[in-house]
Structures are given as structure tokens and as C-alpha cells.
Amino acid sequence: MTLKVAIVGRPNVGKSTLFNRLTGRKLALVAPMPGLTRDRREGAFEVAGQPATLIDTAGLEDAEAGSIAERMRVQSERAIAEADIVLFVIDARVGVTPVDEMFADIARQSGHPVILVANKAEGSAGESGVYEAYSLGLGDPVAISAEHGEGIGDLHDRLETEA
Ligand code: GDP
Ligand code: MG
């Protein structure tokens, strides 16, 4: 069985940028505006030299009835349920929001291994957000910059530990 890793989090935290960074492909659309990714995307990458599948979730575009928050919740729950490891992403420049807390509850309650990822942590603008991330109760955050390729080695180390 191929290891499945799902990237979840609220819109605009950099999930698709991280997907592209980890897969080395341009399968996921990166949006200047929140919620551009149309579908869930899957791509190939490796964890500890073993083939793995990475899932990028969009959250907003599921053609289901209900509020945006409800659709995001349903899509994320699905991805989390089938993932062996969850990459839960927040925006370190924004810090922890109520929507992040909602996603964190879902991830925590799944019982699946969750790696907390504080993205956009390049430079000093993300420092307080990385610190705030501890309040989510998902363990130590991995500070990364998906856009600039920083902290990706640390993230791979954590993936190897959970795999
Ligand atoms: P998604 O909605 O979670 O998939 O987020 P996207 O990957 O589409 O990115 C949303 C925005 O955040 C885009 O403008 C990205 O260029 C930007 N972004 C993503 N990663 C980083 C990062 O590491 N640092 C900074 N400063 N911006 C980032
Ligand atoms: Mg996206």
C-alpha cells in the first residue's frame, strides 16, 4: 500500500504551493486569491525513499449544498479520513484563526498522525505565528516557506518519523 499524505488547512495558507514544492510538479493551481484550486489533486512524491501519494485539498469548490464552512469541513474530513499522515497547514504570517481551530479539531479527532506546518515562515514576519501554532494542540509546528523552499528538509524528517 502506498503511503497517503493529505494537505489540509483553510484557503490561502499555501497548501497548493506546498504540494508543488513536495511533488516538484505544477499539478496544483496556486492562487493569488483564496480557494482557486478547483479540485482535489493527487501527485507522486517520496517519503524516506518510498513512493507516496500527496493529496492537495481545495475545500471550497465541492458542489455540495451548505455553507462554505460546511463544504470545507466535509472535504477536509474526507481527505483526513483516507490519509495515513495529515499535513495541517497554517499561515505563520496571519497566526491561528478560528477557521484554523475548526480544522485542527477535525484533524485531532481523526486519530491519524498530524504534522503541524507553519507556512510563510520565511523572514521574521512569521515568528509570532509559529509560536501561536503551539496553541492548536497538535505538537511542535514545522516552520517552512513553501514558496522559498525553506524548512522542507525538516518537514521530510517529520514525515519519515510518522511513516
Ligand atoms: P492554498 O489556497 O492553501 O492552496 O494556497 P496557495 O498555495 O494557492 O497560496 C496562496 C498564496 O500564498 C499565494 O499567493 C502564494 O504565492 C502564497 N504563498 C504560498 N506559500 C508561501 C510562502 O511560503 N511564503 C509566502 N510569503 N507566501 C506564500
Ligand atoms: Mg490550493
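The values are calculated or read from the model by the stated rules, or taken from the named source; none is laboratory data. Here the structure is a predicted model, which means the values were calculated and not measured. Counting neighbours? That spans all protein chains shown, and the Cβs are built from the backbone with ideal geometry, glycine included.
Within the stretch 40-74, being at pLDDT below 75, away from ligand 2 (no atom under 12 Å from the Cβ) and in a loop (DSSP other than H, G, I, E, B) holds for Asp62, Ala63, Glu64, Ala65, Gly66, Ser67.
Residues in the stretch 118-162 that are in contact with a Lys or Arg (Cβ under 7 Å, 6 or more places away or on another chain) and either surrounded by fewer than 18 Cβ atoms within 10 Å (Cβ to Cβ) or outside any loop (DSSP other than H, G, I, E, B) (or both): how many? Residues flagged as in contact with a Lys or Arg (Cβ under 7 Å, 6 or more places away or on another chain) and either surrounded by fewer than 18 Cβ atoms within 10 Å (Cβ to Cβ) or outside any loop (DSSP other than H, G, I, E, B) (or both) within the stretch 118-162 amount to 7.
Return a yes/no flag: does the stretch 84-92 have any residue that is of a type in the set (Asp, Glu), modelled with pLDDT under 95 and within 16 Å of ligand 2 (Cβ to nearest atom). Checked against the condition, which is being of a type in the set (Asp, Glu), modelled with pLDDT under 95 and within 16 Å of ligand 2 (Cβ to nearest atom), the stretch 84-92 yields no hits at all. Among residues of the stretch 14-27 that are under 18 Å from Gln50 (Cβ atoms), none has a Cβ under 6 angstrom from a residue that is more than 8 Å from ligand 1 (Cβ to nearest atom) and modelled with pLDDT of 95 or more at a sequence gap of 6+ or on a separate chain. Within the option set Phe103, Phe88, being of a type outside the set (A, V, I, L, M), in a strand (DSSP E or B) and either out of contact with any Asp or Glu (no Cβ under 8 Å at 6 or more places or on another chain) or buried (at least 21 other Cβ atoms within 10 Å of the Cβ) (or both) holds for one residue only, Phe88.
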